[in-house]
Amino acid sequence: MPGRTATVERAVGTGRTGSIAEAAARLRTAERDRTPCAPVRELIGNADIDTAYAVQSRIVAEFVDSGRILSGRKIGLTSAAVQAQLGVDQPDFGVLFADMDCSGGRPVEATRLLQPKVEAEVAFVLGADIDVPVDEVTVRGFVEAGAPALEIVDSRIAGWDITLGDTIADNASSGLYVLGDRIPPGELPDLAAVRMSMTENGTVVSTGTGADCLGSPWAALAWLANTSRSLGAPLQAGEVVLSGALGPMATVSAGSTYSASISGLGCVSVTFTPGALA
């Protein structure tokens with residue numbers, strides 16, 4: 001996304017400006033000091049979604065200013081199982097950076113993370129900007145490839161004590177991601193029907209289907225494309241989109257290996273080095 005910023009700007013009342021800055025600073029400090037913080041809902045309100053996205057935009061802008069390179073977007077909370085785990089009832093979205101990409105098979109340093117969890121997803125790589133309204137059928141024409149993926153989510157908020165506003169402000173609890181082999185769109189299976197199984201050191205820890213992701217990963221991608229376009233930050237060619245979990249999250253243990261198999265897409269794995277987690 002050279003030359004363009006994919007942050008989301010939302011109009012919020014001027015009275016919230018101080019709380020936005022304070023919430024962003026709390027989350028940035030937690031990440032920098034590797035010490036999870038108190039929830040930010042006490043600063044921005046339990047249900048003020050506009051303000052939560054304003055906090056996210058502020059943090060993303062600060063990261064871009066510091067030199068981090070945007071690589072895509074992520075959809076969160078698409079699985080009913082994950083929504084139930086976190087006590088929320090709708091999806092959200094965040095921003096991916098190039099330094100989050102841990103594809104390629106090298107072990108991930110556990111110390112990069114605070115309190116990580118891992119979930120299996122379908123990822124998309126876009127071949128064109130999505131600057132028109134789309135649905136789960138027409139959105140396919142904008143996709144260059146699909147791939148099995150693992151998203152390593154993380155929360156700067158202690159104990160994952162989060163509401164929807166907390167996770168939105170915290171860049172949708174983004175952490176890292178791993179992509180498997182890319183598959184051309186014409187060779188992709190029926191993504192609503194795919195079956196997923198994820199293991200930790202060979203033991204199954206999560207299962208699900210494509211239908212568990214807003215009915216289909218295509219539907220999730222269309223939701224994000226339309227939402228992003230409505231906010232003036234349309235999805236762009238070359239971006240990676242993580243479309244959301246196909247099953248429950250699993251808590252990461254340092255030194256463990258997590259592998260996901262998604263029917264028709266293949267397998268993707270990640271290994272974490274031994275080391276202390278916050």
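Hey, if we sort Arg106, Arg140, Arg41 by accessible area with the 1.4 Å probe, largest down, what's the order?
Values: Arg106 195, Arg140 100, Arg41 55 Å².
Ranked from most to least accessible, the order is Arg106, Arg140, Arg41.
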Accessible surface of the chain, 1.4 Å probe, proportion on carbon and sulfur as whole %: 50
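How big is D for the stretch 171-273, in µm² s⁻¹ as a whole number, if Stokes-Einstein is applied with the Kirkwood radius of its Cα pairs at 10 °C and 1.306 mPa s?
On the way: Rh = 15.0 Å.
For the chosen part, D equals 106 µm²/s.
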Peptide ranges 248-257, 148-157 listed from the most packed, as the mean C-beta count within 10 angstrom indicates: 148-157, 248-257
Among Ala110, Phe63, Ala149 the positive-end extreme of the charge dipole of the stretch 54-189 (Cβ point charges): Ala110
From phi via Karplus (6.51, -1.76, 1.60), per-residue ³J(HN,Hα) for the stretch 150-166 in Hz, x at Gly/Pro: 10, 9, 9, 7, 8, 10, 7, 9, 4, x, 6, 7, 10, 9, 4, x, 4
Amide H contacts under 5 Å for Phe97, placed H, 5+ residues apart: Ser71
In Hz, Karplus ³J(HN,Hα) per residue of the stretch 186-192 (6.51, -1.76, 1.60; θ = phi - 60°; x = Gly, Pro): x, 9, 6, x, 5, 5, 5
Alpha carbon centroid spacing (whole Å) that separates the stretch 49-66 from the stretch 246-278: 28
Theoretical gain in end-to-end length, Glu31 to Ile49 [0.36 nm per residue, Cα-Cα removed]: 4.3 nm
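Taking the solvent-accessible surface of protein heavy atoms with a 1.4 Å probe, what is the per residue accessible area of the chain in Å²?
Details: 10720 Å² over 278 residues.
For the chain, the solvent-accessible area averages 39 Å² per residue.
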Per-residue HN-Hα couplings for the stretch 60-70 [Karplus 6.51, -1.76, 1.60; θ = phi - 60°; Hz; x = Gly/Pro]: 4, 4, 5, 5, 4, 4, 7, x, 5, 9, 5
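The values are calculated or read from the model by the stated rules, or taken from the named source; none is laboratory data. Source: prediction; values computed, not measured. As a convention, Cβ positions derive from the backbone with ideal geometry for all residues, glycine included, and neighbour counts pool all protein chains shown. Heads up: the accessible areas ignore ligands, DNA and RNA and are worked out on the full protein's heavy atoms, side chains in. Shrake-Rupley method; radii C 1.70, N 1.55, O 1.52, S 1.80 Å.
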